[in-house]
Structures are given as C-alpha cells and as structure tokens.
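Report on the following structure.
The values are calculated or read from the model by the stated rules, or taken from the named source; none is laboratory data. Note that the coordinates shown come from a computational prediction; the quantities given were computed from them, not determined experimentally. Heads up, the Cβs are rebuilt from the backbone with ideal geometry, glycines too, and the neighbour counts pull from every protein chain shown. Protein only, heavy atoms only, side chains kept; ligands, DNA and RNA dropped before computing areas. Shrake-Rupley method; radii C 1.70, N 1.55, O 1.52, S 1.80 Å.
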Amino acid sequence: MTPIDSSSGMQHLGLRPEIPRFALTTDCVVIGFMPDSLHLLLIQRRNPPFQGMWALPGGFVEENEDLEEAALRELKEETNISPSRIVQIGAFGKPGRDPRGRVISIAFLLVMPFENLKPTAGDDAKKACFFPLNQLPLLAFDHQSIIAQGCQKLLFLLNGEKEDNPFALEKVDKKVFQKILKEALDKMSKKN
C-alpha cells in the first residue's frame, strides 16, 4: 500500500519525506531585433527580493502547470506579450541564487522583430523596458548568467540551418547579430 500525505491527499510515489523540496520558476530572455541591433526586455521588480532592480520576466510555476505554459503566462502577466513560440534554453539552480530559499528556474528564449514587441508592465512588474543587449543595467538574481545562456542559444540558432530556426531569422544579417552577441557575451564575462 502506498502511503498518503494527509495534508494534501497525494500519494508518496517513492518520494522520501526527508528529501527537501524546491520551488520552481521560469524566466524569459526576450530579444527584439532591428536590422543592426539587438535589445533585451527587462522588467523592474515591484516586490522584494531585489525590489526596484531589473530582472527577466518570470515567476513561479503553478502546481499543475506545464513549464512552457508557466513561462508564457508569466510573460503575458508581466509584459503583456503573448508569443506563439518560445524555446527552452536551460535550467538554473545554483544554491543561493534566490534569497527566499532554494529556487530552480527553467529559462526560455523568444526572439522577434523589435517593432512586434510592445510591452506594458503588469502584475509584479513596475516597468517593462528594452535595453541594448550590450548596455544592460545591474540585474537581480543570476539573470546575467541566464541572459548569457540565451545569447549562446541565439548564436547556435544563427549558425544552424533554416529548418532548425524557430524564430524566422532567415532574413537578418547573421554576421551583424553574431558580432553583437559575441560583444555582449564578452562584456558579461568580464562582469563575473
């Protein structure tokens, strides 16, 4: 017989109660492009921790929510942007990355023409603004590392074949974007 947790009615399907549980969040690296520039969407945090600082749009995954659904929901709630497609770029779980406790984040990437992105702040966001990718402000949490991974993913997509590219980047000047991304990554590595 499988033990049942009386507080939630859920079965312990082999989970040991002595193993700590972690919170799960999603973050979105949203890059808007123009012919010769790349801009990153950031929100100014309304609430602690890091109140008033700039961060990626994101938040906590709800109990019965798919990761991508959570990322899309948080992006919509905080910036009013509703893309049809985002791509997962990685998991971030270094202990201490969030002062509230152990929080693991799954990050996603969205790349769109700048003119198609018209953010408005909502929910936990005091402001929603674009910054040139190589002129980012001081960021909350470990978001600089997440952004760097997003830049790496975009470089990979730019170097790939058309059919591997989910963001319709066939008509962009790949050499210009590769140069911007490499400069931004170099600048971010020097801040670490």
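I'd like the residue in segment 154-171 that is assigned to a helix (DSSP H, G or I) and open to solvent by 60 Å² or more (accessible area, probe 1.4 Å) and, out of all such residues, is modelled with the highest pLDDT. It would help to see each step written out before you state the result.
Within segment 154-171, the first condition is being assigned to a helix (DSSP H, G or I), and the residues that meet it are 154-159, 162-164.
Narrowing further to those that are open to solvent by 60 Å² or more (accessible area, probe 1.4 Å): 156, 159, 162-164.
Numbers: Phe156: 92, Asn159: 87, Lys162: 55, Glu163: 57, Asp164: 63.
Checked segment 154-171; the qualifying residue modelled with the highest pLDDT is Phe156.
Touching a Leu at 6+ places or on another chain (Cβ under 8 Å), touching a residue at least 24 places away in the same chain (Cβ under 8 Å), surrounded by fewer than 17 Cβ atoms within 10 Å (Cβ to Cβ) and in a helix (DSSP H, G or I) - does that describe any residue in segment 107-117?
no
Among the numbered conditions (1) exposed (fewer than 14 other Cβ atoms within 10 Å of the Cβ); (2) within 22 Å of Pro20 (Cβ to Cβ), tell me where Glu65 comes up short.
So Glu65 meets the others, but not (1).
Could you list all residues from segment 11-27 that are in a strand (DSSP E or B) and at pLDDT below 80? Steps first, answer last, please.
Keep residues of segment 11-27 that are in a strand (DSSP E or B), which gives 11, 23-27.
Gln11 - this is the single residue of segment 11-27 that is in a strand (DSSP E or B) and at pLDDT below 80.
Which condition from (1) touching a residue at least 12 places away in the same chain (Cβ under 8 Å); (2) of a type in the set (Gly, Ala, Ser); (3) under 21 Å from Leu24 (Cα atoms) is the one that Ala128 breaks?
It is condition (3) that Ala128 fails.
Here is a check on your reading of the model: is Gly101 free of Cβ contacts under 8 Å to residues at least 60 places away in the same chain and either of a type in the set (S, T, N, Q) or open to solvent by 30 Å² or more (accessible area, probe 1.4 Å) (or both)? Step through it out loud before you land on a result.
Working: free of Cβ contacts under 8 Å to residues at least 60 places away in the same chain: no; either of a type in the set (S, T, N, Q) or open to solvent by 30 Å² or more (accessible area, probe 1.4 Å) (or both): yes.
Spelling it out, it is not the case that Gly101 is free of Cβ contacts under 8 Å to residues at least 60 places away in the same chain and either of a type in the set (S, T, N, Q) or open to solvent by 30 Å² or more (accessible area, probe 1.4 Å) (or both).
Okay, residues lined up against (1) of a type in the set (D, E, K, R); (2) within 14 Å of the chain's Cα centre (by Cα); (3) modelled with pLDDT under 95; (4) in a loop (DSSP other than H, G, I, E, B):
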site: Gly9; (1), (2), (3), (4): no, no, yes, yes
site: Val29; (1), (2), (3), (4): no, yes, no, no
site: Glu65; (1), (2), (3), (4): yes, no, no, yes
site: Arg73; (1), (2), (3), (4): yes, yes, no, no
site: Ser84; (1), (2), (3), (4): no, no, yes, yes
site: Gly90; (1), (2), (3), (4): no, yes, no, no
